[in-house]
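The values are calculated or read from the model by the stated rules, or taken from the named source; none is laboratory data. All values derive from a computational prediction rather than experimental measurement. Every residue, glycine as well, gets a Cβ built from its backbone with ideal geometry; the counts of neighbours run over all protein chains shown.
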Amino acid sequence: EGIVTQEEFDTVQQLITSRRLPENKGGFENIFAGVIKCADCGYAMRAMSANRRKRPDIIDCVQYSCNNYGRYGNIMCTAHSIEARDLFNAVLTDINRFADMAVNDEKAVRAIEKRLTETDQSKAKALEKEQRKLNKRLAELDRLFSSLYEDKVMERITERNFEMMSGKYQKEQLEIEARLKEVTETLSDSYEKTQGVRDFLSLIRNYQGIKELDATIINALIDKILVSEREKLTDGMVRQEIKIYYKFIGFVGELHITPTKRWTALKPKNCTVCGVEYVPRSGISKYCPACAKKIQREKSNESKRRSRERNRQACIELSAKNDRLIWSSVPVELSVRAMKIRR
């Protein structure tokens, strides 16, 4: 027997695989550490600063990206980037959906139980029937063995026939016992899954109406979250798929989100030039898009004008310098002769 039990080993492995990283220097608490994974390569996804200034909340400055892509580039995987705010909102909404359902909608709860265990229940009925049949046959074999041994003692059958029949019965017994073990284990798993659904619904009732998430809630309810790559639809919209695997019940159904544009977390402001209200793309923005283009064009033209002026001045200075160099290189004798001629 091992030093630790299987249950203790599984618990330790769960703690290892769902280990949490400490809060980073920027103050962002990564509540999904050890839980969020890339749907394609299976690597963990890391929280990264998106270099955004003056956001209303630190979570709006962070996005998750595949660690495999971060290490080795697109030869191994793709970014699978997802905004931390989008992930937070999607998970919070899904938890509240299940919690409200567990508390207020008994019909929906039964529908979930049926959907998650329907295959297992129909399979379990067939296995229970097979289990009864196997147990019945084992009891018959026991009686046959007893009768066979009695016939041998009473010399109703020969030794050769006894050996042949007993070997046949023993082989059948071993096959039935092996199959019976498989059936029993499968039934046990089915019963555990049915109980798991009830345990999950009982647990999630405690989180009805929550407004915030933390690592304790995530680790209590969720085994893992798989994030797929962003998908561009035919209408130009972008969609991203998230799969949440809950404790006890596993995967229920995928979520589809529309990734938030990076500047939508900022509040609208008025342009300092024309006064029109607009949504800024950064915290230091002062102009609406139209005025920003106009000002940028004016700055570009002014920059080009200054560049031309500098080049013109440089050419004038270079020409004057060349003239001085030419006169300074004329021989002294020629200079004297020139002076005499002038006289």
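Here are the numbers for the structure shown:
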item: Candidate set: the range 6-34, residues that are in a loop (DSSP other than H, G, I, E, B) and either modelled with pLDDT of 60 or more or in contact with a Cys (Cβ under 7 Å, 6 or more places away or on another chain) (or both); chosen: the one farthest from Val91 (Cα to Cα); result: Gly27
item: Hits in the range 51-78 - residues which are at pLDDT 90 or above and part of a loop (DSSP other than H, G, I, E, B); result: Cys77, Thr78
item: Breaking point among (1) surrounded by 11 or more Cβ atoms within 10 Å (Cβ to Cβ); (2) over 57 Å from the mean Cα position of the chain (by Cα); (3) at pLDDT 85 or above, for Gln170; result: (2)
item: Answer residue from the range 242-254, given it is closer than 25 Å to Thr194 by Cβ and of a type in the set (A, V, I, L, M) and is modelled with the highest pLDDT among those; result: Ile244
item: Residues located in the range 35-49, provided they are free of Cβ contacts under 8 Å to residues at least 60 places away in the same chain and assigned to a loop (DSSP other than H, G, I, E, B); result: Cys41, Gly42, Tyr43
item: Evaluation of Gly42 against (1) at pLDDT 60 or above; (2) more than 13 Å from the chain's Cα centre (by Cα) (one fails), failing number; result: (2)
item: Extreme residue, farthest from Tyr64 (Cα to Cα), among residues of the range 218-250 that are polar (S, T, N, Q) and out of contact with any strand residue (DSSP E or B) (no Cβ under 7 Å at 6 or more places or on another chain); result: Thr234
item: Within the range 181-217, considering residues that are closer than 23 Å to Ala90 by Cα and either of a type in the set (S, T, N, Q) or touching a strand residue (DSSP E or B) at 6+ places or on another chain (Cβ under 9 Å) (or both), the one surrounded by the fewest Cβ atoms within 10 Å (Cβ to Cβ); result: Thr216
item: Extreme residue, modelled with the lowest pLDDT, among residues of the range 256-286 that are touching a strand residue (DSSP E or B) at 6+ places or on another chain (Cβ under 7 Å), assigned to a loop (DSSP other than H, G, I, E, B) and within 25 Å of Ser65 (Cβ to Cβ); result: Thr260
item: Among (1) outside any loop (DSSP other than H, G, I, E, B); (2) at pLDDT 85 or above - the single one Gln195 does not satisfy; result: (2)
item: Cross-chain or 6+ apart pairs with Cβ under 8 Å, the range 295-318 first and touching a residue at least 12 places away in the same chain (Cβ under 8 Å) and within 23 Å of Cys274 (Cβ to Cβ), then of a type outside the set (A, V, I, L, M) and surrounded by 10 or more Cβ atoms within 10 Å (Cβ to Cβ); result: Ile295/Tyr287
